[in-house]
Amino acid sequence: MAKRNIVITGGAGFIGSHVVRLFVNKYPEYNIINLDKLTYAGNLANLKDIEDKPNYKFVKMDICDFEAFYELMQREKVDGIIHLAAESHVDRSIKDPFTFARTNVMGTLSLLQAAKLYWESLPEKYRGKRFYHISTDEVYGALEMTHPEGVEPPFTTAASSSEHHLAYGTEFFYETTKYNPHSPYSASKASSDHFVRAYHDTYGMPTVVTNCSNNYGPYQFPEKLIPLFINNIRHRKPLPVYGKGENVRDWLYVVDHARAIDLIFHEGKIAETYNIGGFNEWKNIDIIRVLIRTVDRLLGNPEGYSDELITYVTDRAGHDLRYAIDSSKLQKELGWEPSLQFEEGIEKTVRWYLENQPWLDNITSGQYESYYNEMYKNK
Ligand code: NAD
Ligand code: DAU
């Protein structure tokens, strides 16, 4: 395998840390540079197991710092960028949209322009280079909950080869679905996607974009539904269910997303878009009941012990009803499919959080305390 110098942005975050781990372990001949600003969501404790590997380096940098990134491109002779750094939490985007525009839009543009200037200065130009942008299914907007007459959801559809595919509607997000973002977060991600495609169309940069559904698994910041609720169940704190808990999300185990990123970085076609998803739709309230059952069982509590923690609260503003990715293009063209069924993935995930309480405690107390308490005093 040829030597490569790859920057992974946002590598100290949830998904980024899984991507860094996979690349560092799988490709000892690559030079992996984890570039991260270490915002509240970045945590180097996510990478303790690989931090001493010779092919790994951490650089603390803001993706909006054009000069510093251009200098790093030259110094490290970067030939591949896998871009995950972003502000990623919808609720925070509703409170503070400017930070999302700055990081997600201007930060992405800054990386693109620095990569363009450096790669165009080389004799081989863009040959052997790649700018891979990680995006979200939220850019497509929201889907309806429709079902064929006489069939009650969730139902099996023909959209996937998976016998486990259950859906809450007959429509899906395809790579061709028109963008229709609703939150400041998804609007900022949509804008960054457009810039990436524009750099291909205008300058010929070899880009690829993927849009993925909700991830779950170890090392997710406990502001997101699954780790927040596992932690609250354990500490017998209220579980704030937005609205009626009827919203549907399509869940994918984070390691399967990282596997897809590896495959697409190496084999995906230039200028293409690939949807990544688990064909695994769940209503929030049903997933919350699975979490309660699993945590209670693993802690030795009687069945139903934590049901009383469910607390219905005011809905999220502009709350998208349903997300459902059709990832059959990725399955057919590149042969990817999720390795874990949801039941297995959620059991592994709950066990991980229960066994790694110090990781959670470090976030919910100590250095993170003021931020965490300010954001979560009502949760
Ligand atoms: P995260 O919030 O856990 O991590 C984001 C990382 O980016 C953190 O390490 C943070 O320090 C870093 N970062 C933020 N601003 C930065 C800046 N200005 N400069 C450098 N680094 C900065 O996010 P995540 O859930 O791991 O998501 C990673 C990417 O995947 C994002 O682009 C997100 O939009 C996308 N995505 C996430 C999901 C999901 O379910 N979590 C699904 C689909 C797509
Ligand atoms: O679809 C991909 C997206 O998934 C990613 O692009 C985002 O970065 C990621 O944060 C995630 O967005 P969601 O808004 O879907 O995830 P979150 O975990 O915040 O919420 C999942 C669902 O649970 C959503 O319908 C809102 C609901 N919810 C969430 C929280 C935090 C609650 O009911 N209560 C809560 O306290």
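List the helices (runs of 4 or more DSSP H) inside region 52-142, counting only whole elements, that have at least 1 residues being under 29 Å from K26 (Cβ atoms). Even if it seems obvious, please write down each step before you answer.
Values: elements: 66-76, 90-95, 97-100, 108-120.
Qualifying helices (runs of 4 or more DSSP H): 66-76, 108-120.
Restricting to region 207-264, and then to whatever is polar (S, T, N, Q) and within 23 Å of E171 (Cβ to Cβ), can you tell me which residue is farthest from ligand 2 (Cβ to nearest atom)?
For region 207-264, the residue satisfying everything is T210.
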Inset, instruction - Report the residue count in region 268-288 for those that are within 14 Å of ligand 1 (Cβ to nearest atom) and basic (K, R). - result: 0
Inset, instruction - Could you tell me which of the residues D286, D256, D296 is surrounded by fewer than 23 Cβ atoms within 10 Å (Cβ to Cβ) and within 13 Å of the chain's Cα centre (by Cα)? - result: D256
Inset, instruction - Within region 37-54, identify whether any single residue is under 19 Å from A114 (Cβ atoms) and modelled with pLDDT of 95 or more, and answer yes or no. - result: yes
Inset, instruction - Kindly list, by first and then second residue, each pair from a residue in region 24-48 that is in a helix (DSSP H, G or I) to a residue that is open to solvent by 50 Å² or more (accessible area, probe 1.4 Å) and within 12 Å of ligand 1 (Cβ to nearest atom), limited to pairs with Cβ atoms under 8 Å and residues at least 6 apart or on different chains. - result: L44/L38; L44/F58; L47/F58
Inset, instruction - Looking at (1) in contact with a Lys or Arg (Cβ under 7 Å, 6 or more places away or on another chain); (2) away from ligand 1 (no atom under 15 Å from the Cβ); (3) of a type outside the set (D, E, K, R); (4) under 15 Å from A115 (Cα atoms), find the lone condition where V24 falls short. - result: (4)
Inset, instruction - Determine whether A317 is small (G, A, S), away from ligand 2 (no atom under 11 Å from the Cβ) and open to solvent by less than 60 Å² (accessible area, probe 1.4 Å). - result: no
Inset, instruction - Determine which single condition E281 fails, assuming it passes every other condition in (1) within 14 Å of ligand 2 (Cβ to nearest atom); (2) surrounded by fewer than 21 Cβ atoms within 10 Å (Cβ to Cβ); (3) of a type in the set (D, E, K, R). - result: (2)
Inset, instruction - Only residues that are away from ligand 1 (no atom under 12 Å from the Cβ) and open to solvent by 50 Å² or more (accessible area, probe 1.4 Å): list them for region 28-54, please. - result: P28, E29, K48, D49, E51, D52, K53, P54
Inset, instruction - Among what's in region 89-120 and is open to solvent by 50 Å² or more (accessible area, probe 1.4 Å) and either among the polar types (S, T, N, Q) or over 24 Å from the mean Cα position of the chain (by Cα) (or both), pick the residue that is farthest from ligand 1 (Cβ to nearest atom). - result: E120
Inset, instruction - For region 204-227, indicate whether the set of residues that are modelled with pLDDT of 95 or more, open to solvent by 20 Å² or more (accessible area, probe 1.4 Å) and away from ligand 1 (no atom under 15 Å from the Cβ) is non-empty. - result: yes
Inset, instruction - Please go through region 1-22 and pick out each residue that is part of a loop (DSSP other than H, G, I, E, B) and either modelled with pLDDT of 95 or more or open to solvent by less than 50 Å² (accessible area, probe 1.4 Å) (or both). - result: R4, G10, G11, A12, G13
Inset, instruction - Can you tell me which residue among G169, G245 is farther than 27 Å from N43 by Cα, in contact with a Leu (Cβ under 7 Å, 6 or more places away or on another chain), open to solvent by less than 10 Å² (accessible area, probe 1.4 Å) and away from ligand 1 (no atom under 16 Å from the Cβ)? - result: G169
Legend entry - The lone exception for N25 - which of (1) over 17 Å from R4 (Cβ atoms); (2) open to solvent by 60 Å² or more (accessible area, probe 1.4 Å) it fails: (1)
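The values are calculated or read from the model by the stated rules, or taken from the named source; none is laboratory data. On a predicted model such as this, the values are computed, not experimentally measured, just so you know. Reconstructed Cβ throughout: ideal geometry from the backbone, glycine too, with neighbour counts over all protein chains shown. Surface accessibility is based on the protein's heavy atoms, side chains included, excluding ligands, DNA and RNA. Shrake-Rupley method; radii C 1.70, N 1.55, O 1.52, S 1.80 Å.
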